[in-house]
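Enquirer: Below you will find the structure I want to go over with you.
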Amino acid sequence: MLPQLYDNFMSCVGFDEDIVPSLEEKASACVMGLSHLYHGCVLHAYPDHMNFFGSKIEDRHVFFKVWHKLSRCLTNNTVVALAINICSPEIPPYIIPDADSVALEQLLHLLPYHFVTGRADEYVEDIAIAVISKLVSSGSSSPSNQIIANCTLLACIMVRIQFDKKDIIRIDKSAALPQITQSLLKRLQRVLWAWDGGNVEKDRTGVTRRAWKLLDIICRILELSRSYYIPSSHTVRNLDVCKKIYSRARSSEHNDPSVSLADLRNALRFTLAAAQASSDHTRFWYHHPSLETGDSRSPEDFDWLVDCYLDIHSGHQEVAFDILFLLGVMKVHCIPAKQHQFIESLVACMGTNMPVHWRYAALCATHNFREEIVLIDTIDAELRDMV
């Protein structure tokens with residue numbers, strides 16, 4: 001089949017060695033078929049390898065010939081570049097930086113083959129992360145279930161969750177979205193718990209390092225597929241890891257604290273996403289059973305959250321907002337020694353100059369803190385006026 005497709009493609013090439021304009025659509029279809037079919041052949045033969053175009057010419061030379069005749073079609077060049085790379089992993093694929101959505105979706109379908117067959121290096125890994133990020137990034141409209149499912153499967157394979165070959169080959173994986181999303185959640189849960197102080201480079205398998213690189217994107221995937229997985233019941237354990245990351249950020253013994261704060265942001269976002277907690281301000285007042293801690297923890301157990309919020313709320317607003325949201329929905333109470341400072345910050349967050357989601361989060365936290373406010377015996381005039 002591959003040789004026939006190649007012959008059909010070459011029949012679209014004119015005497016000047018360029019694609020005949022009237023046959024560009026046919027040539028494009030042949031290229032797509034060649035690339036997808038070739039990736040499938042490599043997967044089926046794995047771990048063996050062979051020349052699928054016959055013994056007279058190496059596979060990569062076939063795709064190099066195709067590449068040189070496709071200068072005007074960026075999408076086709078992109079998928080051919082991946083085919084050359086899976087033939088010869090030592091040749092990094094040249095991917096168009098501003099690839100359109102069609103090219104990105106083609107890459108999304110082909111990239112899993114590179115990871116399953118062990119032919120993906122860090123360059124291909126970065127391409128995969130960029131593709132997922134562009135396709136699930138916040139925009140005016142949400143991506144389709146097919147794109148979400150394909151992104152989820154690629155992320156799963158990148159962190160070495162195994163699937164049947166037929167699941168990888170299937171173009172539309174949306175029917176399997178509940179299964180693959182739950183698998184991704186469980187794997188990331190274990191990675192978070194195994195966090196060893198931030199030195200992910202010690203991980204010999206590469207799973208932890210790669211998972212941490214993907215964590216921000218995976219949080220976005222979980223937010224988009226919230227209705228397809230069972231929420232985690234391990235919020236407190238997840239927060240214990242967040243506390244560990246925060247302690248690292250405060251320690252002068254470690255390197256740049258901004259790196260740890262970025263880790264903290266991702267870990268907090270994962271904690272919220274795993275619990276299916278929406279940061280949409282219209283849902284702040286909803287019941288969040290997955291974020292309830294029960295009576296087993298005292299206010300002191302979550303005192304670090306208040307400390308962290310007070311430390312960073314003016315300079316690291318994304319992390320601070322997630323913490324404020326958590327303090328509100330988890331109904332965390334503040335210890336007396338920090339009540340005045342905490343109340344001041346809540347009142348400031350409800351100012352008219354603050355974004356609406358901040359004001360709602362602060363209002364929610366204040367509502368849960370109302371009894372403590374009433375019981376404060378000594379309150380200075382300025383703070384009373386603010387309240």
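Enquirer: In segment 57-96, what count of residues is obtained for those that are more than 18 Å from LEU107 (Cβ to Cβ), at pLDDT 85 or above and in a helix (DSSP H, G or I)?
Expert: 6
Enquirer: Related question: Looking at the structure I just gave you, is ASP48 open to solvent by 40 Å² or more (accessible area, probe 1.4 Å), of a type in the set (D, E, K, R), over 26 Å from PHE115 (Cα atoms) and in a loop (DSSP other than H, G, I, E, B)?
Expert: Criteria not met by ASP48.
Residues are listed down the side, and each one gets a yes or a no for (1) open to solvent by 20 Å² or more (accessible area, probe 1.4 Å); (2) over 29 Å from ASP164 (Cα atoms); (3) among the charged types (D, E, K, R); (4) outside any loop (DSSP other than H, G, I, E, B):
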{"residue": "GLN4", "(1), (2), (3), (4)": "yes, no, no, yes"}
{"residue": "PHE9", "(1), (2), (3), (4)": "no, yes, no, yes"}
{"residue": "ASP16", "(1), (2), (3), (4)": "yes, yes, yes, no"}
{"residue": "LYS26", "(1), (2), (3), (4)": "yes, yes, yes, yes"}
{"residue": "HIS36", "(1), (2), (3), (4)": "yes, no, no, yes"}
{"residue": "GLY40", "(1), (2), (3), (4)": "no, no, no, yes"}
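Enquirer: Of these, ILE148, ILE161, ILE180, ILE157, which one is in a loop (DSSP other than H, G, I, E, B) and modelled with pLDDT of 90 or more?
Expert: Criteria check complete, one pass: ILE161.
Enquirer: Would you mind telling me which numbered condition in (1) buried (at least 22 other Cβ atoms within 10 Å of the Cβ); (2) at pLDDT below 85 LYS338 fails?
Expert: All conditions pass for LYS338, except number (1).
Enquirer: Further, regarding this structure: Could you give every pair whose Cβ atoms fall below 6 Å, whose first residue belongs to segment 240-259 and is β-branched (Val, Ile, Thr), and whose second residue is modelled with pLDDT of 65 or more and not in a helix (DSSP H, G or I), counting only separations of at least 6 or pairs across chains?
Expert: VAL241/TRP195
Yes or no, residue by residue, for (1) within 12 Å of VAL116 (Cβ to Cβ); (2) of a type in the set (Lys, Arg); (3) over 15 Å from the mean Cα position of the chain (by Cα):
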{"site": "PRO143", "(1), (2), (3)": "no, no, no"}
{"site": "GLN146", "(1), (2), (3)": "no, no, yes"}
{"site": "CYS151", "(1), (2), (3)": "no, no, no"}
{"site": "ALA155", "(1), (2), (3)": "no, no, no"}
{"site": "PHE163", "(1), (2), (3)": "yes, no, yes"}
{"site": "LYS166", "(1), (2), (3)": "no, yes, yes"}
{"site": "LYS173", "(1), (2), (3)": "no, yes, yes"}
{"site": "ILE180", "(1), (2), (3)": "no, no, no"}
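Enquirer: Out of all the residues in segment 349-368, which are in contact (Cβ under 8 Å) with a residue 24 or more places away in the chain and open to solvent by less than 60 Å² (accessible area, probe 1.4 Å)?
Expert: Passing the criteria: CYS349, TRP358, ALA361, ALA362, CYS364, ALA365, ASN368.
The values are calculated or read from the model by the stated rules, or taken from the named source; none is laboratory data. This one's a predicted model, so the numbers in the text were calculated from it and none came from an experiment. Don't worry about glycine lacking a Cβ; one is built from the backbone with ideal geometry, like all the others, and counts go over all protein chains shown. The area values use the complete protein model at the heavy-atom level, side chains included, leaving out ligands, DNA and RNA. Shrake-Rupley method; radii C 1.70, N 1.55, O 1.52, S 1.80 Å.
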